[in-house]
Amino acid sequence: MAEGLLRHLAGDHFEVLSAGTRPAGLNPGAIEVMQEIGIDISTHRSRHVGEFVAQAFDWVITVCDSARETCPLFPGAAARLHWSFEDPAAATGSVQQRRAVFRRVRDEIAGCVRRFVDQTP
């Protein structure tokens, strides 16, 4: 969701790539709640951070606590940020309850992305 939001809000200012420490594929709940706000992430691909270790980055942003702890160092990264979000894929309960978690996390990520875009030259 973070990749989709950053591409949507500032894709012309950044080359946006995302990966996980334990990629598990795109979650249908994430696709659904992003479509609700007009962002299609259905063609995104779940990648492992190992694909990018040799690449230089201006920013590395982790979005969950386990990723912050296990994310490899990117020697070329000028800055590293951490945004702690609940993993919506781990939500339990009814379909409506799980969807509500995805929406809340999506909106929390969107707030962080907007602040990042506004503060980054």
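Among the numbered criteria (1) modelled with pLDDT of 95 or more; (2) over 16 Å from Met1 (Cβ atoms); (3) outside any loop (DSSP other than H, G, I, E, B), which one does Val33 miss?
The single condition Val33 does not satisfy is (2).
Output the residues belonging to the range 82-99 that are in contact (Cβ under 8 Å) with a residue 24 or more places away in the chain and either of a type in the set (S, T, N, Q) or part of a helix (DSSP H, G or I) (or both).
Result: Pro88, Ala89, Arg98, Arg99.
Counting only residues that are of a type in the set (Gly, Ala, Ser) and assigned to a loop (DSSP other than H, G, I, E, B), how many does the range 1-30 have?
Looking only at that region, the number is 5.
Is there any pair with a first residue in the range 26-52 that is free of Cβ contacts under 8 Å to residues at least 12 places away in the same chain and a second that is in a loop (DSSP other than H, G, I, E, B) whose Cβ atoms are under 6 Å apart and which are 6 or more apart or on different chains, and what are they?
Final answer for the pair search is Ile31/Ile41; Ile31/Ser42.
Within the range 59-70, identify whether any single residue is modelled with pLDDT under 90, in a helix (DSSP H, G or I) and aliphatic (A, V, I, L, M), and answer yes or no.
Yes; the residues of the range 59-70 include at least one that is modelled with pLDDT under 90, in a helix (DSSP H, G or I) and aliphatic (A, V, I, L, M).
Check whether at least one residue in the range 36-50 is in a helix (DSSP H, G or I) and modelled with pLDDT under 95, and report yes or no.
Within the range 36-50, one or more residues are in a helix (DSSP H, G or I) and modelled with pLDDT under 95.
What number of residues within the range 1-17 satisfy the criterion of being closer than 18 Å to Asp107 by Cβ, without any contact (Cβ under 8 Å) to a residue 60 or more places away in the chain and in contact with a Lys or Arg (Cβ under 8 Å, 6 or more places away or on another chain)?
Residues meeting the conditions: 0.
Being more than 22 Å from Arg103 (Cβ to Cβ), surrounded by 15 or more Cβ atoms within 10 Å (Cβ to Cβ) and more than 12 Å from the chain's Cα centre (by Cα) is the filter here; which residues of the range 4-20 pass it?
Phe14
The values are calculated or read from the model by the stated rules, or taken from the named source; none is laboratory data. All values derive from a computational prediction rather than experimental measurement. For neighbour counting, all protein chains shown are included, and Cβ atoms are generated from backbone atoms with ideal geometry for every residue, glycine included.
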